[in-house]
Each structure stands twice: as structure tokens, then as C-alpha cells.
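Asks: The following block contains the structure, expressed as C-alpha cells.
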Amino acid sequence: MKINTLDSFFQVLDASQVAEHIQLPAKSEAQRLADELFLFLFPMLAEKPRPARVQYAILRHDLIRTLFPVLKGHQENAHEVADLFFDELGNVYEKLLEDADAFLRFDPAATCIEEVIATYPGFQAIANYRIANLLHRLGAPLLPRVFSEYLHGKTGIDIHPAATIGRSFFIDHGTGVVIGATSVIGDNVKIYQGVTLGALQVDKSLANVKRHPTIEDNCILYANSTILGGKTTVGHDSVIGGNSWLTESVPPFSVVLHQSQVKIRTRPFDEPINFVI
């Protein structure tokens, strides 16, 4: 339809409401569900915690209701997805306890597990990722992305729900971290703020191709390091220094450093150095 009048514009908008494409879940309900699932796993943070079985019944109902619009034409699958989700949620909880323990072991500022769970944005982003990743693996469309973008906005940490992340994962500070959809991260990996696991090129024809790097076990990626490419692998037990730019694989036990050049001046600068940025 050509939009050449206000009436025709209204017709297009009305038609889009009943189109036969996947519909988005209600944003506010999906965001509330993400929060409630986190509180279900860690009820010590809830203002008025309910018995686990009661909260499970409420959340199962809410999850089914939220899945209904995105499973248009296949709403009967919502019950199956919800049941499989809660069957696997115990495994997610075990992994999250390992993640929280990694925060406690690796961050000298962390005093207890409760502090990590309650206050660390890196842990909250990981928890949301593991919940969204489970929904993604169960075939729930769109809702995992709604979850991940919600926590992206809250924490500044962008983890695609399709990424594969191992156990005992640690994100320190976290602001600006980007982990792409086809990234693969092993066990006991530590990531600092500003790290990007991205693609070398953006092309729609690569949608089903591994575009993001692989980080093997026991690696440390320091602040603002950028690692790009689906064929790029950081071998296990490697350290990638801050501000490094990496587009080629490195073997296990590597140390990659960004070398800065320092110049010492003994006379006044010719140009002003009080820049305004």
C-alpha cells in the first residue's frame, strides 16, 4: 500500500497489528518476568518472599502468558516450553552459584556471596544471560532478546542469549562488555570492562556462520580489549592485555600486550594540553 494520505497511514498501522508475523511480548511484563525469575533463584533479595512452590506456580503462569504472543499459531507449545524451562532451571542455579563463587574468589573487594548476588552488575548480567540462554535453547523466540536487552540497559553489559558460556564466569565492573551471538567462552574465564567479542564484518549472509571468537578455559581478558572474528581462538590459560586488538588466533599460555609509547617532555608544550572532551 502506498502511503499518500493520513488515512492510508492509519490503515497501514492498523493492519500491522493483525499481521501474521511474530508479535513482541508486552515489554513491561517481560521485564518484570526477568526480574521475578532472578528473585525466584535468589529469594533473599525479594521484599516479600513466597514459598518456592507458590512462586513457581505464579512464574509458570506468567511465562506461559508471556510466550503466547511470540508463539502465534503454536500457543500450545508455551506450556511445554515453560515445563522444560523449570525442569532445567536447577542446573542454571548451580552454574550461577559457581559464577558467584568466582566473583568472591577473584575480586578482593567482594566480602561474601550475598554481596555479589545483590550488588554486582556483572553477576546480574550473567544470571540474566543464563536464564535467557535456556529459553533460547528451548526455542522461545524474541523473549530471550527482550531479557538480554533489558539487562543491557540496566548494566551496560551486552550478552547475546545465543552465546555459549562455560562455568565459573567472571565479569568485573562490566560496563561496555559486548559478547556476540556466536561467541564461545570456556570455563574459568575472567573479563573486565569494555571487552568486545565481536565479528570482523557485518553481512546478513553470515547470519548462520560463526562470526565471533572462541575463548578457551582459564583466560583473562583485560579492560577494553577487542577480539574479533569467528576463526579467532584465544588458547587456554592466555592473558589478553588492556586495549589490545586481536583478529588472529593465539596459542595456549599466550600473553598479548598493547604497548603504549611514553614521551617525557622537559620544556613547555607548544600546544595547550587542557583539552575539553
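Asks: Pro161: surrounded by 19 or more Cβ atoms within 10 Å (Cβ to Cβ) and over 19 Å from Ser238 (Cβ atoms), yes or no?
Replies: Working: surrounded by 19 or more Cβ atoms within 10 Å (Cβ to Cβ): yes; over 19 Å from Ser238 (Cβ atoms): yes.
Yes; evaluated as a whole, the condition is true for this residue.
Asks: Quick one: in segment 242-259, of everything that is crowded, with 17+ Cβ neighbours inside 10 Å and of a type outside the set (Ser, Thr, Tyr), which residue is nearest to Asp187 (Cα to Cα)?
Replies: Checked segment 242-259; the qualifying residue nearest to Asp187 (Cα to Cα) is Val250.
Asks: Just a yes or no: is a residue in segment 192-199 over 21 Å from Ala109 (Cα atoms) and free of Cβ contacts under 8 Å to residues at least 24 places away in the same chain?
Replies: Taking every residue of segment 192-199 in turn, none turns out to be over 21 Å from Ala109 (Cα atoms) and free of Cβ contacts under 8 Å to residues at least 24 places away in the same chain.
Asks: Check segment 224-236 and report whether any residue there is modelled with pLDDT of 95 or more, under 24 Å from Thr119 (Cβ atoms) and of a type in the set (Gly, Ala, Ser).
Replies: no
Asks: Go through (1) on the phi > 0 side of the Ramachandran plot; (2) at pLDDT 95 or above for Ala34 and report which single condition fails.
Replies: The failed condition is (1).
Asks: Against the definition (modelled with pLDDT of 95 or more, closer than 26 Å to Phe169 by Cβ and assigned by TED's automatic domain parsing to the domain that holds Ala125), how does Val81 come out, yes or no?
Replies: When the stated conditions are applied, Val81 passes them.
Asks: Quickly run through segment 26-55 and pick out the residues that are surrounded by 14 or more Cβ atoms within 10 Å (Cβ to Cβ) and of a type in the set (Lys, Arg).
Replies: Arg32, Arg50
Asks: Moving to a separate point now. Inspect segment 126-142 for any residue being touching an Asp or Glu at 6+ places or on another chain (Cβ under 7 Å), outside the structural domain of Thr214 (by TED's automatic domain parsing) and in a loop (DSSP other than H, G, I, E, B) and give the result as yes or no. Steps first, please.
Replies: Taking segment 126-142 first, the residues touching an Asp or Glu at 6+ places or on another chain (Cβ under 7 Å) are 126, 134.
Narrowing the set further to residues that are outside the structural domain of Thr214 (by TED's automatic domain parsing) leaves 126, 134.
After this cut, where a residue has to be in a loop (DSSP other than H, G, I, E, B) as well, the list is none.
Within segment 126-142, none of the residues are touching an Asp or Glu at 6+ places or on another chain (Cβ under 7 Å), outside the structural domain of Thr214 (by TED's automatic domain parsing) and in a loop (DSSP other than H, G, I, E, B).
Asks: Could you give me the residue pairs with C-beta distances under 9 Å whose first residue belongs to segment 71-88 and is closer than 15 Å to Leu135 by Cα and without any contact (Cβ under 8 Å) to a residue 60 or more places away in the chain, whose second residue is in a helix (DSSP H, G or I) and basic (Lys, Arg) wherever it lies, and which are 6+ apart or on separate chains?
Replies: If the second residue must be in a helix (DSSP H, G or I) and basic (Lys, Arg), the pairs left are Ala78/Arg65; His79/Arg60; Ala82/Arg60; Asp83/Arg60; Phe85/Arg60; Phe86/Arg60; Glu88/Arg137.
Asks: Oh, and also: Restricting to segment 151-175, count the residues that are farther than 16 Å from Tyr120 by Cα and not in a loop (DSSP other than H, G, I, E, B). Don't jump to the end; show me each part of the working.
Replies: Taking segment 151-175 first, the residues farther than 16 Å from Tyr120 by Cα are 160-167.
Next, only the ones that are not in a loop (DSSP other than H, G, I, E, B) stay: 164-165.
Qualifying residue count for the region: 2.
Asks: Just a yes or no: is a residue in segment 13-23 under 19 Å from Leu142 (Cβ atoms) and surrounded by 12 or more Cβ atoms within 10 Å (Cβ to Cβ)?
Replies: yes
Asks: Do you know which residues across segment 56-103 are among the polar types (S, T, N, Q), within 18 Å of Phe38 (Cα to Cα) and surrounded by fewer than 14 Cβ atoms within 10 Å (Cβ to Cβ)? Full working, then the answer.
Replies: As a first pass, look at segment 56-103 and keep what is among the polar types (S, T, N, Q): 66, 75, 77, 91.
Now restrict to residues that are within 18 Å of Phe38 (Cα to Cα): 66, 91.
Of everything in segment 56-103, just one residue is among the polar types (S, T, N, Q), within 18 Å of Phe38 (Cα to Cα) and surrounded by fewer than 14 Cβ atoms within 10 Å (Cβ to Cβ), namely Asn91.
The values are calculated or read from the model by the stated rules, or taken from the named source; none is laboratory data. Predicted model only: the values in this text are computed from it and were never measured. With ideal geometry, Cβ positions are generated from the backbone for all residues, glycine too; neighbour counts draw on all protein chains shown.
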